[in-house]
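Here's the structure we're looking at; comments come further down.
The values are calculated or read from the model by the stated rules, or taken from the named source; none is laboratory data. The structure presented is a predicted model; accordingly, all values stated were derived computationally and were not measured. In this analysis, Cβ positions are derived from the backbone assuming ideal geometry, glycine residues included, and neighbour counts consider all displayed protein chains.
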């Protein structure tokens, strides 16, 4: 089993709903976005293409961020999810400079949107998570809760919130190793590409652009 | 870094740059300072012993001054490094992954160096008339077998200390500019040059004459450093990420880079070293000047290397329509 | 009040923009709201139960420490931008007593002042979203007992799709126009930014359509989000859209065989295409019955349009017939032998000069492109195709032409709306599956069911509640400061009409009215809520100047803002997550919110309010009690005002006791019961507690109801297209009326009343603004436009730092977008501070260089430049509104204007 995503760039409108849903679900501080949509523009007037690329950790099959970690906090599960064990992280930043997808974010300090935390910020914030590196977890806290018979990627409560909140239905999550999963079928039909293919990191996010 | 490959079968477009190169912002002043101090700390231990200069650099409380300076510099650098961590109190965990992480390997080397180097000089500690550690079967000058073994391991650790920062950058960072053997080579040569100059100043302070060989070594380290810098700048200049780094170096930092890193910090000390060869009475003054210049050049070399650290543009397959 | 332990998911709705309501859950842990989630349980929601980006900021909106935390009154009597109001906190009792004391004299001494304007004015802006948050307060306004003025604008007409509102309702009960996106395969969009403004349902459906290969062609001066996702972006010159649309009309009618490509049967039977037009441009009518005549080709004679057995309506040719033309003011022109042509033939002649080459020269759209999209449109239209919808066979015409803001308002808006609707009619794509649909009505009744508002009127068309223009019935003296009954026949006289007419005029004419015009007076009491005209209206400087004159302003406030800075009393708004209301969802509503279900959804307090805010229903009740109109207030509620459903109906009666003051929970409990009883026809009755748990109640709503076509055919009615004979006549009558009063300031607007609108040099109108302000047009060579920000539109989000954090990922936040090559010519680099200057002022911003912007265009997203709103005042973004004058020259006959102005740009430091 290997979790992955297929993003249909033809559908994405860059609205940042996934950005804010992830931000809120994971109680992130100001300025830290595990998922955000990049507003890309290429070409010269009038032959221009503008597209929106949901970015974040690509959960590479060969993640450069895992071997560089001096403490072993940066880990990869058997199902491919790359995550940070916060209580082992010393916040050295090596994984962040190793990631060409710019997907790692150091949470430096307790930081609030206003001078003092609001009741919701106080309630939701994880005190373990400062001074350490953070990143997209593929919402493993939701995926792992799926009971028998439920399918992450199909059942929204067990699916990463970016996928289940997308108002263009542009993002899909599932098991890349299962040929009958939603993501496998999309890959078969559209042959989507990956970003920074030349680095050969074998990312788990595939982008349909045509 | 491999060039972009043609798309796999079935896919239509050739990858193009979609997101521009962006600067890393994890490592900056603290790390440049740490790299510099580690380089000096490890280097002066290494050079003073390999060149058999350690006895001529003074003793304090029975301990060789050069080693004390070495450990002090490393101590300060280490504290700065630890201070820069997100979770400083957890710093000991940094040694847990030597199988794959150069930070782990370097941290281990740091510890081994400080512990073994410290142990090596410990028997000499003299407090008043007492020598509490004299019973240890070695001395600071490694005149016994045990001492030579300890010194040997400490020297090996010191060698790693002066180069591992460069290996951290070059090994797996995504920053294209850093992914080159030139970086650890530059850091090592710069460390050796700064260390040589430091040893010279310590000699001056202890009224020990600076030898001609030291001046040649200083010049040699700097010439090789210059070669490594020039080679790095001249090769793969259009590589994604590296091109942006060079542009930034030549625009935002052009004065500091050409003027201080290359000019005052590398080329000028070469000339001073040659003059020092030719004019022995001037060596003390030239040694002090060389230290200031190489320290400035070395620190700024590391800082600028970090500050032009661009992640490469993110490429992907996106077709731009023709009207 | 709300439980304080455990985790709950509290259902509610979001109506921060008019594309909703959409549904969501608020997750509450131990009494603290922590996050927002979609409401996946509502599978009937066309976008999978998901709300958009802004809904996720509702938690921060609730706990925002910069909110107004309790009622406050002004202690500094001087009002001005630089005058601190000197707010001092007071109790709710004192606040409501103060307000009641101001309102009572109006009821006692006369509702209307000496100029004829209501003394009480209310402005609840935000395009119709306010009613979803006012609770029962509209019942108080209904019980008020006399006229009140809703015409003091906060941007209506300029910020909404105004011409589309009025003409859309007129032609096909379409206050807003949507594509039938689930079936559409081809869209021509002129500036419609539906992937930003279409709401979650619009975005969802457009994306799904793209996935199945639907083609969207976007004509727009810059590459908006919608242009980005479109199959093709055509960078059209601003305000030249009518030219391209006219050229497409020309293409259909002259470069293709119209008999083959048009839906001739539809045109003959369901439009005024066959109506004969006489020599003076009016229908040729039967002298006795006054019915418009058509030429029956089989009979070879002119007959009344509703003659039952006409098989072939002549659409072409010239005929001689006896009849009369009905001119303005009952003028009758008798013809013994008039040469008449079907209006379709007149139309063809009208569009003959509008060739693609002509349009290319004006619009920068190549003639080949115009021909290509014309051909594609006709191919995709599938004239003759049918589809089964819920057992009924309907025409299938999967093509739609959409218009965006600044195309469907202001000068040129009428022309674009007319051309677009006509192009739909030509292929029979009007109000049928796949084509363009109206979603709701606001000027016609009932507002809950636009199909029911289709009633037979004169000449075979729908009855229209137009404001009279006849000598005896015309409202000479304006009843509202926006003069809707006097100046705009199309806008009728309903509760929304005041806000839908020239709502900028009150600001313009206060202290500066045209000769003979009763000057709009500042209202004695102005209630303003969910609205910030000092930012959202043109000429923001003018607005703040005039605001100083308002003697008493009571603002329902979320935070301090630029308008309530001038208030005398601020009453903290209970925001989206703090109060009760039951609101209609589903059926067909604005934008693209048309469902296969209809029902009601509850919004409710999700957690204890952090501040001393109050449910506006309770405010309405309290004010009513203080003013002695409690009984009238309760009766209004019983009638269904504000509740959306009468509390007494066939088979049920859950009315409120009119003599008592009821709590908000009691009132909404009755509404919940009435709504469920009504929707289920007596089968279900659910109370407030049920809704607090379930959130929404839905019943099926047939897709057939999306389309006006069955209703029109059932009632034997025609669409009043292409020929605007009625508009021509009432335009002339209005001119007569105004000139009889020696009023000439509206003369330019009167020129818009055409039976078939011609092209005018619309861009020149904006070029001319400079001359009107004593400046040279060539000094302002660029067009400043604005564009929607999905992250920021509507709901007071400017004060939320979370949204600023999120929005920065989208181009345009936070700066001025310019073409990169043009910028280089001006010596402007990306990130430079620049000035953008119009003939009336200048604003500073950061240059953001782009390839996807026409070289003659500058784009400023949204409307910012706040100076009082917390957090927003730190956002360094220029506001087009500060640069746009309220000029009569920029206002069209419906009272709308387009958000664009000619400007120049230059670096903030360095040479100009």
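Restricting attention to the stretch A:83-105, the residues being closer than 22 Å to residue B:81 by Cα, more than 7 Å from chain B (Cβ to nearest Cβ) and outside any loop (DSSP other than H, G, I, E, B) number 5. Filter the stretch C:220-262 for residues that are part of a loop (DSSP other than H, G, I, E, B) and over 30 Å from residue C:314 (Cβ atoms) and give the result. C:220, C:221, C:223, C:224, C:230, C:231, C:235, C:236, C:237, C:238, C:239, C:240, listed by residue number.
Inspection of the stretch C:193-215 identifies no residue that is more than 14 Å from every other protein chain (Cβ to nearest Cβ) and assigned to a helix (DSSP H, G or I). Candidates are the residues of the stretch C:43-66 that are surrounded by fewer than 24 Cβ atoms within 10 Å (Cβ to Cβ) and over 26 Å from residue C:613 (Cα atoms); the one that is farthest from the other protein chains (Cβ to nearest Cβ) is C:44. Kindly state which helices (runs of 4 or more DSSP H) lie completely within the stretch A:106-174 and contain at least 3 residues that are within 15 Å of the chain's Cα centre (by Cα) and more than 14 Å from chain B (Cβ to nearest Cβ). Of the helices (runs of 4 or more DSSP H) lying wholly inside the stretch A:106-174, those with at least 3 residues that are within 15 Å of the chain's Cα centre (by Cα) and more than 14 Å from chain B (Cβ to nearest Cβ) span A:140-143, A:161-165. Only one entry in C:503, C:476, C:499 is outside any helix (DSSP H, G or I) and touching a strand residue (DSSP E or B) at 6+ places or on another chain (Cβ under 9 Å), namely C:503. Across the stretch C:20-40, the number of residues qualifying as touching a strand residue (DSSP E or B) at 6+ places or on another chain (Cβ under 7 Å), more than 7 Å from every other protein chain (Cβ to nearest Cβ) and surrounded by fewer than 22 Cβ atoms within 10 Å (Cβ to Cβ) comes to 1. For the stretch B:121-154, the tally of residues that are touching a helix residue (DSSP H, G or I) at 6+ places or on another chain (Cβ under 6 Å), assigned to a helix (DSSP H, G or I) and more than 15 Å from residue B:55 (Cα to Cα) stands at 3.
Scanning the stretch B:273-301 for residues being part of a helix (DSSP H, G or I) and either surrounded by fewer than 23 Cβ atoms within 10 Å (Cβ to Cβ) or touching a strand residue (DSSP E or B) at 6+ places or on another chain (Cβ under 8 Å) (or both) gives a total of 15.
Every test in (1) surrounded by fewer than 24 Cβ atoms within 10 Å (Cβ to Cβ); (2) out of contact with any strand residue (DSSP E or B) (no Cβ under 6 Å at 6 or more places or on another chain); (3) farther than 17 Å from residue C:154 by Cβ is passed by residue C:552 save one, and that test is (2). For the stretch C:159-169, the criterion of being surrounded by 24 or more Cβ atoms within 10 Å (Cβ to Cβ), assigned to a loop (DSSP other than H, G, I, E, B) and modelled with pLDDT under 95 is met by at least one residue. Listed by first and then second residue, the pairs with beta-carbon distance under 6 Å, at least 6 apart or on different chains, first residue in the stretch C:633-644 and over 13 Å from residue C:674 (Cβ atoms), second part of a loop (DSSP other than H, G, I, E, B), are C:634/C:656; C:634/C:658; C:635/C:658.
Filtering the stretch A:20-40 for residues that are at pLDDT 95 or above, over 12 Å from the mean Cα position of the chain (by Cα), within 11 Å of chain B (Cβ to nearest Cβ) and assigned to a loop (DSSP other than H, G, I, E, B) leaves an empty set. Given the criteria within 14 Å of another protein chain (Cβ to nearest Cβ), in a helix (DSSP H, G or I), in contact (Cβ under 8 Å) with a residue 40 or more places away in the chain and closer than 26 Å to residue B:189 by Cβ, does residue B:158 qualify? So residue B:158 does not fit the description; no. Scanning the stretch B:27-38 for residues that are facing chain A (nearest Cβ under 9 Å), at pLDDT 95 or above, in contact with a helix residue (DSSP H, G or I) (Cβ under 6 Å, 6 or more places away or on another chain) and not in a helix (DSSP H, G or I) turns up at least one hit. Quick one: in the stretch A:175-207, which of the residues that are over 15 Å from the mean Cα position of the chain (by Cα) and part of a strand (DSSP E or B) is farthest from the other protein chains (Cβ to nearest Cβ)? Selected residue: A:175.
Of all residues in the stretch C:170-192, those that are surrounded by 24 or more Cβ atoms within 10 Å (Cβ to Cβ), farther than 27 Å from residue C:125 by Cβ and within 14 Å of chain A (Cβ to nearest Cβ) total 1.
With respect to the stated conditions, residue B:300 fails to be facing another protein chain (nearest Cβ under 9 Å) and touching a residue at least 24 places away in the same chain (Cβ under 8 Å).
Among the residues here, residue C:704 qualifies as touching a residue at least 40 places away in the same chain (Cβ under 8 Å), outside any strand (DSSP E or B) and over 30 Å from residue C:348 (Cβ atoms).
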